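What follows is a set of notes on a single structure, which appears directly below.
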Amino acid sequence: MAAIPHRDPYVDAVLPDGVSRIGDAAEPSRWFDHAHLAAHARDVDVVHLHVGYGQLEAAAMEAWSEELQRQGVPLVVTVHQLHAPGQPSSGSHDAHLAAVLGTAEVVLTLTPGAADDIAERYGRTAIVVAHPSVAVADPELGAERGLVGLRVGAPSPSVPDPVVLVRAALSGAVSGGGRLRLLVEEAELPALEPAFGAMADTGQLELAVFPAAEWAAQLQQLHVAVLSEQCGTHSRDVEVCRDVGTRVVAPSCGWFADQWSEVVPYSHDEHGRVDAVSLTAAIGAALARPMPRPADRVWRDGQRDAVRQVHAEVYAQVAGDRSWA
């Protein structure tokens with residue numbers, strides 16, 4: 001099996017026992033290269049596409065999916081995002097999905113709502129598989145009641161105005177009787193908005209700078225984690241919060257709330273900008289609820305095993321179909 005990307009926490013979590021992963025971690029994946037695909041088509045029974053194709057033109061994706069068909073290599077697609085976060089227009093992402101969903105042998109996605117969208121927009125029936133566990137709570141690490149965390153960095157298409165987001169989150173944390181902690185990955189510190197340092201210096205909020213490997217631990221210390229992306233479909237951070245026991249405040253777009261019942265949504269205005277009043281209210285509502293417990297490991301391990309079994313059956317099905325072709 002060739003996975004795109006080759007390695008990723010989700011890809012690693014769903015890989016069935018006994019399935020060999022062929023390829024390497026090159027980006028973009030070498031499997032997008034037609035010559036590489038032709039030379040190694042007999043080495044794989046299936047190509048499983050998750051993410052990593054956004055840098056290619058839609059026409060190139062269509063040609064690639066057709067090349068897979070010519071080589072007789074079945075394509076399995078997991079739809080993680082129906083609307084690419086941060087893109088001003090969904091046209092490019094829609095065209096990418098149309099190109100690969102038109103030829104995929106099997107389509108998977110993570111929530112029933114996303115499956116309904118796929119059926120309506122692309123005419124494909126998607127198998128719904130739960131997002132498996134991707135983190136384990138540290139038994140030695142406690143959470144602080146009332147502590148709200150928001151990850152910040154440089155302005156980006158998915159978070160174009162972090163100052164507005166921070167001020168709304170601060171208002172929600174304070175009005176809910178808590179406090180706000182801005183989470184800054186070490187690599188993002190040089191591009192941090194200067195106003196945030198000034199707010200920390202005056203005691204309005206605090207800054208926590210951390211290495212990327214400590215992300216789950218940072219989330220575990222919170223009562224509430226705020227997802228900062230303005231839009232999206234599914235979120236790995238929701239699953240990390242479920243694993244470590246942190247309530248989530250997330251945008252009302254997409255299907256974040258379908259992933260986990262402990263998600264409190266906030267909305268956007270008619271221009272797609274963050275509705276500051278809604279975000280403030282959502283944080284207050286989230287703080288009024290008790291802190292959730294970390295996910296039961298026996299249940300999460302069983303869920304992951306079930307998801308891997310679904311993938312094993314899908315791979316066996318499409319590989320069997322290929323052997324008869």
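Kirkwood radius and radius of gyration were both taken over the C-alpha atoms of segment 157-196, and their ratio Rg/Rh is 1.00. The relative contact order of segment 147-287, computed from alpha carbon pairs under 8 Å that lie at least 6 residues apart in sequence, is 27 percent.
Taking a ≥ b ≥ c as the square roots of the Cα gyration tensor eigenvalues, segment 147-287 comes out rounded, since a/c falls below 1.5.
Only helices enter this figure: runs of n ≥ 4 DSSP H residues, each worth -39500 (n - 2.57), summed and divided by the residues of the chain, yield -12000 deg cm²/dmol at 222 nm to the nearest 500.
Counting neighbouring Cβ atoms within 10 Å and putting the fewest first, the residues Phe32, Phe196 line up as Phe196, Phe32. In this structure the amide hydrogen of Val264, modeled in the peptide plane, comes within under 5 Å of the amide hydrogens of Val248, Val249, Ala250, none closer than 5 places in sequence on its chain. Taking the longest Cα principal axis of the chain as reference, the axis of helix 58-71 is set at about 40 degrees. A dipole drawn for the chain from +1 and -1 charges on Cβ atoms has a positive end, and of Leu108, Thr280, Gly232 the residue lying farthest that way is Thr280. Here the 3J(HN,Hα) profile of segment 16-23, calculated from phi with Karplus coefficients 6.51, -1.76 and 1.60 at θ = phi - 60°, is x, 4, x, 9, 8, 9, 9, x Hz, Gly and Pro shown as x.
The equivalent ellipsoid of the chain has semi-axes of 38, 21, 18 Å, largest first, where each one is the square root of 5 times an eigenvalue of the Cα gyration tensor. Left without a cysteine partner by the 4.7 Å Cβ rule in the chain: Cys241. Averaging over all projection directions, the Cα-based convex hull of segment 260-322 occupies 7.8 nm² in the image plane.
Going from the fewest other Cβ atoms within 10 Å to the most, the residues Trp299, Trp64 appear in the order Trp299, Trp64. With 10 Å bins beginning at zero, the pair-distance distribution over Cα atoms of segment 79-199 amounts to 10, 27, 26, 26, 11, 0 %.
Helix 162-175 and the long axis of the chain differ in direction by around 50°, with both axes built from C-alpha atoms. Rounded to the nearest 20, the Cβ-based charge dipole of the chain about its Cα centre (Lys and Arg +1, Asp and Glu -1) stands at 560 debye. Between rounded, prolate and oblate, where does segment 108-161 land on the alpha carbon gyration tensor, with a ≥ b ≥ c its root eigenvalues, rounded for a/c under 1.5, else prolate if a/b exceeds b/c? In terms of gyration-tensor shape, oblate. Protection proxy ranking of 66-76, 235-245, by the mean of other Cβ atoms within 10 Å over each peptide's residues and highest first, is 235-245, 66-76. Candidates Ala60, Gly146, Gly123 compared by Cα position along the dipole of the chain: farthest toward the positive end lies Gly146, with charges placed on Cβ.
By the count of other C-beta atoms within 10 Å, a proxy for reagent exposure, His48, His80 are ordered fewest to most as His80, His48. For the chain, the longest principal axis of the alpha carbon atoms and the long axis of helix 297-324 meet at an angle near 20°. Computed from the Kirkwood radius of its Cα pairs, the Stokes-Einstein diffusion coefficient for segment 17-144 at 20 °C and 1.002 mPa s stands at 132 µm²/s.
Every number in this text was worked out from the coordinates using simple rules, so none of it is lab data. The shown structure was predicted, so the numbers you read here are calculated from the model rather than taken from an experiment. A quick note on method: Cβ atoms are made from the backbone with ideal geometry, for glycine too, and the neighbour counts reach across all protein chains shown.
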